[in-house]
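**Student:** Before I ask anything, here is the structure I am working with.
Coordinate-derived values only; no laboratory data. This is a predicted model, so every value here is computed, not measured. Neighbour counts are summed over all protein chains in view; Cβ atoms, including those assigned to glycine, are modelled from backbone coordinates with ideal geometry.
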Amino acid sequence: MLLRVTKYGEAILRKKGKRVEKFDQSLRKLAADMVETMHENDGAGLAAQQVGADLLLFVIDLCWHEELNRMRYELDGRHPPLDLLMPMVFVNAQLTPLKGEMISAEEGCLSFNDICGDVCRVDHVRVEYQDLDGAKHVLVAQDWLARVLQHEYDHTQGVLFIDRMESQTLRGIESRLKKLRNTARKGPAKVEPDMGEE
């Protein structure tokens, strides 16, 4: 089922996620709906806050990326093909930046419509997380995989990609951010039920 994507200005995007305690069918359905919504909106990732839930939960899918099989990563000490792992679900993730380069690259976000900007992030991270069965895993990642993991993990901490932008970059999108924020404050547009022709 497609879910409504929350927009910048809605309070839920600033809420830190609560730890998931129940690994049940409702969690599986939420994760599946998030993956479907991410795909429908051509996203690389989607966090629970972006669909109105304050949980430590996010999903990613990088199968579209032309460099997918060249990305450097290790899952539980192994190197399984990334295209077989995607989409991935991360529950109760804890991310630790590792030593490496700080790299600037353009990012977008499904909660910001078509607003993009350069964000500087570390190129090497370690993520400890659980899957939908509650099993624990460790993913060490670099390249775009590391960037997407950081972006989505930030969402679960109430942090947005604009918080990571340089002031000069922010100035360039300030008016569009203000417009988006004001629209969000008015709330989502109400859809009148279709009563048919009279």
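**Student:** Length gain on complete extension for the stretch Lys22 to Ile103, per 0.36 nm per residue less the alpha carbon to alpha carbon distance?
**Tutor:** Numbers: separation 81, 0.36 × 81 = 29.16 nm, distance 3.68 nm.
25.5 nm is the gain from fully extending Lys22 to Ile103.
**Student:** Counting only residues 5 or more places away or on other chains, whose amide H sits under 5 Å from the amide H of Ala93 once H atoms are built in the peptide plane?
**Tutor:** When sequence neighbours closer than 5 places are left aside, the close amide H contacts are Gln130.
**Student:** Counting only residues 5 or more places away or on other chains, whose amide H sits under 5 Å from the amide H of Glu107 once H atoms are built in the peptide plane?
**Tutor:** The list, which skips near neighbours in sequence, is Gly117, Asp118, Val119.
**Student:** Please work out the Cα center distance from the stretch 132-182 to the stretch 78-108, rounded to the nearest Å.
**Tutor:** 12
**Student:** Starting from the Cα of Glu74, move 7 Å in the Cα-to-Cβ direction to define the label point; list residues of the stretch 122-138 whose amide nitrogen is under 17 Å from there.
**Tutor:** 123-129, 137-138
**Student:** Just how many pairs of Lys in the chain have C-alpha atoms closer than 25 Å, counting pairs that are eight or more places apart or on different chains?
**Tutor:** The number of close lysine pairs in the chain is 27.
**Student:** Going by how many other Cβ atoms sit within 10 Å of their own, how do Asp131, Asp143 line up, fewest first? Let's see the in-between values first.
**Tutor:** Working: Asp131 14, Asp143 18.
With the fewest neighbours first, Asp131, Asp143 line up as Asp131, Asp143.
**Student:** Fewest Cβ neighbours within 10 Å first, please rank Met71, Met88 accordingly.
**Tutor:** Ascending Cβ contact count within 10 Å gives the list Met71, Met88.
**Student:** Continuing with this model, one more query. Label 7 Å along Cα→Cβ of Glu67; the stretch 132-148 residues with amide nitrogen under 12 Å?
**Tutor:** Only 142-148 pass the distance filter.
**Student:** Kirkwood hydrodynamic radius (Cα pairs, Å) of the chain?
**Tutor:** 17.6
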